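Everything on this sheet refers to the single structure shown next.
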Amino acid sequence: MNDDLNKSAQRTEYQRLDMSAFSEIQRQVNLEDKHNPLLNLFFCFYCPFVCRCHPIQDSDIYVVGKKDRTDVVTVKATEQWNIGYLKYQEQIAQLKNNGPNPIGNNGSRSKKIPHPSIIKIIFKTLGGLQLFLSVLLWLVSYAFMFIQPYMMKQILHVLEQKQAHPLTKFPWMWGSLLIVSPFAEELSDAWGIRHFYHFSHRARAMLSGMIFNKSLKLKISSRSAVDEGRMLSLMSADVVQVAEELWMPMLLLVSPLVFFVPLVLLSLEFGITSLVSIGVIVASLLFQYPLSRLMTSALTTYLQHNDTRNKITKHVVQDMRVVKMSGLEKVMSDRVSLSRELQLQSTFKYILAFQLVSSLVHVLPDLVNAVTITTFVYHQKLTQAQFATKVMPCVGYLTMMTRETHLFPEYIQCLIMMNVSQKRIRQFLLLDETDGLKREELGDREDIIVVKDGEFQWESVGDLPLTDEEEEEQRKAERKAIKEEKKNSRIIDRALRKMNKHADQTPTEKTRLLAPSHAPYNSAQPASSPPLPAGTLNINSTDTDSDQGSIISFLPANSPSPNRGHLTGINLTIKKGEFVMIVGSVGSGKTSLGAALKGDMECVGGTHSLRGTVAYCSQLPWITNDTVQNNILFGQPMDEEKYRKVVEVCQLETDFSLFSAGDRTVIGEKGVTLSGGQKARIQLARAVYSDRDVYILDDPLSAVDAHVGKALMKKCLCEELKGKTIVLITNQIQHLHKADKVVMVENGTIGFQGTPEEMVQSGILEVDDTGTYKTLATLTDKLPFTEAKPEDEEKKDGPEKLMTEEEYQTGHVPLRNYLLYVKTLFPLPLAVVFLLILAVSEGGLVFASYWMGVVGNEDQFAALSFHTKLHILSFIPVAALLLLLLRSVLSAFGVRHSSRKLHADLVAHVFGCPTSFFDTTPLGRILNRFSGDIVQTDQQLFNQFLQVACFWMEFVGQVVIVGVDTLWFIPVGLAALLAYFVLLFFYSRSARNILRLTSISRSPVLSVFTETVSLGGIAAIRGYEVEELWRQKFNECNDRWTIRSLLFEEGSLWAALWSSVISSLYLLGVVVIGWFFMDPSKLGVAITSSLTFTYLGGQIVRENVELDSRMTSFERIRFYSTQLPQEVKTGTVDPPPNWPSEGKIQFDHVTMKYRPKMSNVLNDISFVVQPGEKVGICGRTGAGKSSLVYPLFRLVELEKSLMPKSIDLETGFPVELMEEDFNSGRVVVDGVDISTVALDRVRRSIEIISQDPILFEGNVRSNVDVFGGKSDEQIWDALKQVELDQEFGEFGLDTPVSESGWNLSAGQRQLICFGRVLLNDTKIVVLDEATASVDLETDEMIQRVLRENMKGRTLLVIAHRLNTIIDADRILVLDKGRAAEFDAPDVLTRIPQSLFSKLLRNSS
């Protein structure tokens, strides 16, 4: 551990990333660091963002402050955390050594082990000085607030004397202090909050950095035990929750002082009557307590369902191409919608409880005032003449008490939620870290890798003994889970009944829909990994209130999972410079053996040693969203000569020439802009350039053309890497003669190892007449076995800028958006009722303030007695409370309706986008809409909207209260309102732009994080030891988010400070005018209203911009729900139900490009495939083979009227297509132009097995029978045909399939996809290089299935091994996007100069 700390502390000199997004911020100096304290005192650093004519651009934002940088605070925090973490691990180890549930000396079981505290780490790292200063400044602010009623009393007392003695002088001292007090109060308050904002943002940066660093150190099994939805929630929600609520403990410490000081001052005036106010407040707290518990429970459940929804959404979005080609958009949207329904129940409960509490809190000041004042008047037998001087000044004290009291439950609530979030973060940080395989120096020894009697398994997450307390907590958690499951089932039943399509679903179909959301989290194991044992720790436990055992809840891992990846009896020695090939059948454990050799699997028996540095190429290439060059360099410094040589031997020169920007072309996320072969060769180039001692390569040749594969084997592996130790995992046995040693894996053990000659002698291999190695199962092959799949030719043009910029709107939030939001809440009649209730209730509370002055005035409403006026004063808040409670119930129903509609529209439109949108939009940007923005609209937007509306009504009401009796005051009030509007206009303009920049800067943080924490990302980053490079990349993104968020927060303090200047001038006008034109009773009301005006003015400036920030989330969701380009789903022709019944396909003059501004990939292609015909499609790299799939499945439209808009790369907004961007031609199936048929009908009528097999989380049944309706017997029959009927043990079809099918081997995933095709009786089947991930015997089995079980179906086979299409009826040879040859294979082979003959010669 200490070695890891020292290593991470040393900053390796890596080549800096070429990220243009970060370059402009270097031009700006941090103004807070540059300015002196006096300028910062008045927030002058924010003035440049307000005093400007043009909108704020990203380049205007300066760099983050030195003390706020992520790397600075993370290093300090990690040091503090590791002290507690190591101590905790020692206690865990000691507890394990004592045996399960050990009995102590006193007869009791072991006590719960204390966990390291996240909160303590924050305070130790960042220091408490800033918070101490914040509290001190808050106390100063409160002091100015406390003296305001006393100064008001002195002024009213002098005014009362003035009525008897007109020459009484104005009390200058008390008047001046009262006038200045709002500014002084706000200045000290803003300065204190500024200190906290810096503390909070450092805490967020620190926790984000710790989570990112932890993800790089996790055991593979620990990482697999945490689904990506949970990890995304940790980074996007939990760290923000903890950081923002850190000041709640400080506020709780100050709260008693803020409450009791006004109480003491009140008791000096009211005596024992002041206790009545406490009684009313305590009664309100008793009412709020159960509601606060309901809010806590609802929010906790909301977060749990949010994790599930995020996980499902992420899986669907990242595999959208497969979803669309399979016609699964409706199935997947239903899965997301069902998980959303569970979340909406929590939203309803939270909003209802919050609004009920808010209603009581809102009316509480008037209620306390009325009850306390009425009691005091009756108790003291006050006269109406005494009311102004005896009662009015004390209203301020009552307001202070109730204001702080009504915030107290909010403090508690925030503390509870902060505790929930910090527990979730702590659970993650306490997960087991990998020890890694300690690699020795290369030295002079010949043995590089030595394994003796090795037994390997995927590292377990941990299994700890339980204490009595923990066992009881486990039982409670299980009972709670059962109860919650029953409730959720009822909710889902109601949701299914609302979905017309699923109204009559059987229980089996319902289970299929729910499979992803209710699948066991511990099924998310790495490829070929075993299930988690019963009783292991589950980071995804639904019981986040408990913290049992050590890190997480103990829940029985009772869900089945295929027990794969356990290696036993491994004895293997690999010498320096040896070329070793590992072969074996599908699922035999080849990939697991490679992982074990490089140290990713835990060695639980025997010995294992590795010497030298290692380079690793995974079976599925991991490509990052960066330039091609940076993907190859991968943090290494540039060596031009070496780089050119690597590019040459990896056969990348031709590809670079096809890219308009060469190797500076930016690759999309997961390499979406590249073909499979290009990704494989870039990954191989990365390994070669790294210049390591040992190369472990997992089947890199299966993704390239035959001639490219031959060149890679010769020039790269055999020549460039000659002398290096190479371990090649492969199914390509024709290359075995080049190996020094061959290792055959069978059922998790080594069945044979030796030279290729020894394998021939043992009868395992056989040599044909040409000298090519062949297994006994392949003697009937018509052609020698050739290298695997030719490369996908797509993305021939590689623009330098591929990913779109995020859309960015400047200016204010238009009123139209607010009206649209209200429209999502209620239908028009109900909206009118709601607004009427809002206006009457708020008007009543404003009228109560006015009536306070009437009570003390004998002249107004003289017909009413003094006591009758008091009774009316008491009745007003009670009536208002009843209306507010009714408003709360309507609010809960309205928010649930709005949240359901917003999410449904978002899902429908995002899922309806063409595939080009997903190719050019970062995953994190899309997920940001579904995570951060949706959470904002669920929890915060409505509450903020209602609060601002109430504030504005009260704000204007205060001016009306004063001006209704004194016309001289109207000009002053209007001037103050105008000044506030001007201030709000300038501030809001800057704040909105900064807020939008903040939202945009958040997306790259999530993108980098999700890209890194994928299993392939962690393996590659750790394998190449470039953790520091990725920390730097994450830290830069995080710092950009920090400074923009910090500026937005500090901007609200700037506005509040200068609004207090307006408030002080307003108060000056009230006092001066009141001195000359008001009696004490009216002036008391006027000053009280002015102080309320001051408070509301500052709140409105802050809350109005905060509302804009919430509305920005609504805007972003609405943009994705209305403005994105959409596929046209409907059709004009309804073919017969059995269409296509024959399977005839006609391409008629098809010319196609993937996206505007790109070159054509298909050029005037015309051909006809007859019903039941098997057509092989082949050609060189870039010929256009896989591009044929796009028009056939309508992933790219040919008809002009159906082509969706494109997204502008620079602005992120949709733009109309130009004439040169249109495609042309048509595809006809059984005489019907497919562009006239409904899109879902077309895609469901054609089956495809793609080169990258993708499964969805659930079980085997839901992945084979994706649409439901098939019997188990039919499913087993399909699996039996692909020889998978014996693979899933006792659990059978209920065997879980984890995220993307990672708990199965690539070959097994491919075979499940074949089983899916066999189950569905479609006439047209496309095989797009579909057998690249299977061994030769399995490939022969698949070819047999194609011949025997797909008779009568039209097969389009894109060539991966030429022997698989040599028996095709006809061969289509493509060249440069054109149909160069189309004839029977024997005809083409008889022509020596045909392209097909040349391909055959190259492949032999």
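The values are calculated or read from the model by the stated rules, or taken from the named source; none is laboratory data. Quick caveat, the model's predicted, so the values are computed rather than measured. Cβ atoms come from the backbone with ideal geometry, glycine included; neighbour counts cover every protein chain shown. Each accessible area value is taken on the protein alone, full model and side chains, heavy atoms only, with ligands, DNA and RNA left out. Shrake-Rupley method; radii C 1.70, N 1.55, O 1.52, S 1.80 Å.
The trypsin sites (Lys or Arg not before Pro) of the stretch 1106-1151 that meet both conditions, a loop assignment by DSSP and at most 16 other Cβ atoms within 10 Å of the site Cβ, are 1129.
For residue 1174, the residues whose amide H sits under 5 Å from its own are 1355, 1369, 1370, ignoring neighbours fewer than 5 places away on the same chain, with H placed 1.01 Å from N.
Applying the criteria of a DSSP loop state and at most 14 other Cβ atoms within 10 Å to the trypsin sites (Lys or Arg not before Pro) of the stretch 131-215 yields 169.
Checked against a 27 Å cut-off, the cross-linked pairs 679/1174; 214/452; 679/1351; 330/901; 87/314 give Cα-Cα distances beyond that limit for 679/1174; 214/452; 679/1351; 87/314. Ligands, DNA and RNA are left out, and with a 1.4 angstrom probe the accessible area of the stretch 146-226 is 34 Å² per residue.
Give me the extension gain from residue 53 to residue 964: residue separation times 0.36 nm, minus the current Cα-Cα distance, reported in nm with one decimal. Contour length minus Cα-Cα distance gives 324.1 nm. With R₀ set to 41 Å, the beta-carbon distance separating residue 283 from residue 119 gives a calculated FRET efficiency near 0.80. Loop-located trypsin sites (Lys or Arg not before Pro) in the stretch 1360-1393 (DSSP state other than H, G, I, E, B) with a sparse environment of at most 11 neighbouring Cβ atoms within 10 Å: 1390.
Taking 0.36 nm per residue of separation and subtracting the Cα-Cα distance, full extension of the segment from residue 1134 to residue 722 would add 142.1 nm.
For residue 1220 and residue 820, what does the FRET efficiency come to when R0 = 60 Å and r is the distance between their Cβ atoms, rounded to the nearest 0.05? Once the sixth-power term is evaluated, E becomes 0.95. Whole-Hz Karplus values for the stretch 184-200 come out as 5, 4, 6, 4, 5, 5, 5, 5, x, 5, 4, 4, 5, 4, 5, 4, 5 Hz, taken residue by residue from phi with 6.51 cos²θ - 1.76 cosθ + 1.60 and θ = phi - 60°; glycine and proline positions read x.
Using the Cβ of residue 425 as centre and a radius below 10 Å, the other residues enclosed give a net charge of +3, where K and R count +1 and D and E count -1.
Using 0.36 nm per residue and subtracting the Cα-Cα separation, the extra length available between residue 882 and residue 1274 on full extension is 135.0 nm. Share of carbon and sulfur in the accessible area of the stretch 1105-1194 stands at 48%, probe radius 1.4 Å.
The fraction of accessible area contributed by carbon and sulfur in the stretch 963-1007 is 85 percent, rounded to a whole number (1.4 Å probe; ligands and nucleic acids excluded).
Distance between the modelled labels on residue 956 and residue 863, one decimal in nanometres: 3.0 nm (7 Å Cα→Cβ projection). The string of couplings for the stretch 163-175 from the Karplus curve (6.51, -1.76, 1.60, θ = phi - 60°) is 5, 8, 10, x, 8, 4, 6, 5, x, 4, 5, 5, x Hz, one whole number per residue in order, with x for Gly and Pro.
Other residues within the sphere of radius under 11 Å centred on the Cβ of residue 1391, judged by their own Cβ, net out at -1 (K and R +1, D and E -1). In this simple spin-label approximation, residue 836 and residue 940 carry label points 7 Å from Cα along the Cα→Cβ vector, and these lie 3.4 nm apart.
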